[in-house]
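Heads up: the structure comes next, in structure tokens.
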Amino acid sequence: MAALGEGVDLAVDVVVVGAGVAGLVAALDLLDAAPHLSVAVVDKGAAGTTGSTPLAQGGMAVAVGPGDSPALHAADTLRAGDGLGDPVAVRVMAEDGPARLADLVRRGGVFDRLAPDAPGAGWASGADPAALGGSPFALAREGGQTVARSVRTADASGAEISRALLAAARGRTSPAVAPGRITRVQGVACALAQPPADGALPGDVTGVWVLLDAVDGAGLGPDQAGGLALVRARAVLLASGGCGGLYAATTNRDEATADGVALAGRAGAGLLDLEFVQFHPTGLKVATGSAWRLLLTEALRGAGAVLLDAGGRRFMVGRHPDAELAPRHVVTRGILDQPGGAWLDATGLPAEVLAEEFPTVLAGARRHGYDLATEPVPVEPTQHYLVGGVATDLHGATSVPGLWAAGEVASTGVHGANRMAGNSLLQACVFGSRAGRALAARLGPGAPDPRDPAEPAFAAPAPDLDRAALRADLRQAISAGAGAVRTAAGLETAAKALEGAAARLGAAPARDRDGAELASLVAVGRLIVRAALLRAESRGVHWREDHPAPDPAWAGVRLRAQLP
Ligand code: SIN
């Protein structure tokens, strides 16, 4: 294969954009089912360093523990979704969960276990202990879960899942495109390729344009790094994560810039539920130079940590029967209602529980000068998850032929108006796998469309534009107007800031990573604000202070968005 670079194409059967749990599960399951196919995975950074998967703490919700069942898992998920969850999608996710967990175990994922005779050890009726690795799981309980349901590896569950999947993917990685192999492309997907169908309208998606950093980890020469390459493919699967880059405080990494939603929207795909942006109730409240905030996992509350107001009183008791373990949007409201702020108090947890089960948060808080073992720590709701996204069916197909989506970037309807804790890793595994297997079944022998798509349009960056300052201003404007609490006036102000940013950036993005990301952030930010303005009610994570209750007229209504 010629080195991928400026003007040199790569041609594969399927290109996956994103290397988190959804993308890797899709790639691996696709190749297991159809070893005649070739795959490229486009990742924004070095393997294992990008995306939200490695940061996930509390675990993956799967109905495998005592007293649990897929039906109970589905009921909890629908309740957390505040009337908007799709019952069919939810049932599929809950029922597929144990098999997808068995896949992770088979691929080497190591999860916390209990001795069979330990207190609390056991299995859900119908679970298959042999497929799931023998001993019962030591499950965490998180918000909205009726019973402990999150399979975990201490508080580094996502890092372990990522490690296992990357190891499995590495075994298939190859610099040359070949059947059954994965070619790793490092760079930013900046546009979908769509040759004209009839000379006028864009046709099926036939690949993706990438601003390159490297291929297979080998640094490209200076002429190629930053160059534009076309990865031709018979199908593109977006698995590129969420939109934390829009917010001034987020648990996401910087590269979560809503690229997949923007790419799909520009290609004409339907987008759904974009007003629903989830805030995790307990981000560590610290002033830092960056937007990233340390997550204090809900599993801490599941283990007994409580929330206190400025007077040291528990304020969630009496607000919801599950108190601190109420669904996330309820706890978020509880915290924001405290005029003097809120603190998470984990000092009642035995020292060995903190050390063994929560080493990540313990060490992370220490780096900010807090000791969870001896003092309550300040917390604030922090942007965490994009609930809506690219509309897909239950196999990941979008409304545009050739374009598929799975994971946080997708909207299957499972989350409704609020995602329940632990369901993000699960839905990424379940729908990533379904997409991979559906593609395997659909793609027989064949080759990518040979027609040349038009190159994406780029503009030179405006010389007087300080893009870092613009990005910071956008984050402030979105956080103020389209944060956890919204009003029409605040949303209008955010909309004006976004219009101003769009005007300054110009019609086409600059031809570099920053330019591509800024264009995505502005495009998706505008859609989020527009949807949030339209939904004049409060439901799930969408809290309109000027319309503080759910409105029956909006029950069951899912807002569809489209980029112009
Ligand atoms: C957490 O550990 O609290 C986050 C888990 C999730 O978002 O599902």
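The values are calculated or read from the model by the stated rules, or taken from the named source; none is laboratory data. From a predicted model like this one, the values you see are computed outputs, not experimental measurements. With ideal geometry, Cβ positions are generated from the backbone for all residues, glycine too; neighbour counts draw on all protein chains shown. SASA here: full protein model, heavy atoms, side chains in, ligands and nucleic acids out. Shrake-Rupley method; radii C 1.70, N 1.55, O 1.52, S 1.80 Å.
Things to note:
Residue-by-condition table, conditions (1) assigned to a loop (DSSP other than H, G, I, E, B); (2) open to solvent by less than 20 Å² (accessible area, probe 1.4 Å); (3) β-branched (Val, Ile, Thr); (4) closer than 28 Å to residue 416 by Cβ:
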| residue | (1), (2), (3), (4) |
| --- | --- |
| 499 | no, no, no, no |
| 504 | no, no, no, no |
| 517 | no, yes, no, no |
| 522 | no, yes, yes, yes |
| 528 | no, yes, yes, yes |
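- For first residues located in region 118-143 and free of Cβ contacts under 8 Å to residues at least 24 places away in the same chain, partners that are part of a loop (DSSP other than H, G, I, E, B) and lie 6+ apart or on another chain with Cβ distances below 7 Å form the pairs 129/123; 135/114; 135/115; 135/116.
- Meets criteria (among the small types (Gly, Ala, Ser), within 26 Å of residue 79 (Cα to Cα) and either without any contact (Cβ under 8 Å) to a residue 40 or more places away in the chain or not in a loop (DSSP other than H, G, I, E, B) (or both)) for residue 532: yes
- Any hit, region 99-122, residues being part of a helix (DSSP H, G or I), among the charged types (D, E, K, R) and within 16 Å of the ligand (Cβ to nearest atom): yes
- Residue 63 hydrophobic (A, V, I, L, M, F, W, C), under 18 Å from residue 415 (Cα atoms), surrounded by 20 or more Cβ atoms within 10 Å (Cβ to Cβ) and modelled with pLDDT of 95 or more: yes
- In the set (1) more than 26 Å from residue 51 (Cβ to Cβ); (2) within 12 Å of the ligand (Cβ to nearest atom); (3) aliphatic (A, V, I, L, M), residue 127 fails one condition alone, (2).
- Restricted to region 298-319, and to residues there that are within 15 Å of the ligand (Cβ to nearest atom) and in contact with a Phe, Trp or Tyr (Cβ under 7 Å, 6 or more places away or on another chain), the residue that is nearest to residue 252 (Cα to Cα) is 300.
- Within region 66-85, considering residues that are away from the ligand (no atom under 15 Å from the Cβ) and open to solvent by less than 30 Å² (accessible area, probe 1.4 Å), the one nearest to residue 233 (Cα to Cα): 85
- Any hit, region 325-338, residues being within 16 Å of the ligand (Cβ to nearest atom), in a helix (DSSP H, G or I) and basic (Lys, Arg): yes
- Single residue of region 229-257 satisfying the filter (over 21 Å from residue 213 (Cα atoms) and aliphatic (A, V, I, L, M)) that is surrounded by the most Cβ atoms within 10 Å (Cβ to Cβ): 246
- Residues located in region 364-399, provided they are hydroxyl-bearing (Ser, Thr, Tyr), more than 27 Å from residue 330 (Cα to Cα) and surrounded by 22 or more Cβ atoms within 10 Å (Cβ to Cβ): 392, 398
- Scan of region 405-463 for residues that are small (Gly, Ala, Ser), surrounded by fewer than 24 Cβ atoms within 10 Å (Cβ to Cβ) and part of a loop (DSSP other than H, G, I, E, B), ordered by number: 413, 444, 446, 447, 454, 457, 460, 462
- Unmet criterion (only one of (1) surrounded by fewer than 24 Cβ atoms within 10 Å (Cβ to Cβ); (2) modelled with pLDDT of 95 or more; (3) within 16 Å of the ligand (Cβ to nearest atom)) for residue 29: (3)
- Every pair of residues 6+ apart whose Cβ atoms lie under 6 Å, when the first sits in region 407-428 and is over 13 Å from residue 276 (Cβ atoms) while the second is assigned to a helix (DSSP H, G or I) and within 9 Å of the ligand (Cβ to nearest atom): 421/298
- Reported count of residues in region 108-122, each being within 29 Å of the chain's Cα centre (by Cα), of a type outside the set (Gly, Ala, Ser) and open to solvent by 30 Å² or more (accessible area, probe 1.4 Å), is 3.
- Here residue 52 qualifies as within 16 Å of the ligand (Cβ to nearest atom) and open to solvent by 30 Å² or more (accessible area, probe 1.4 Å).
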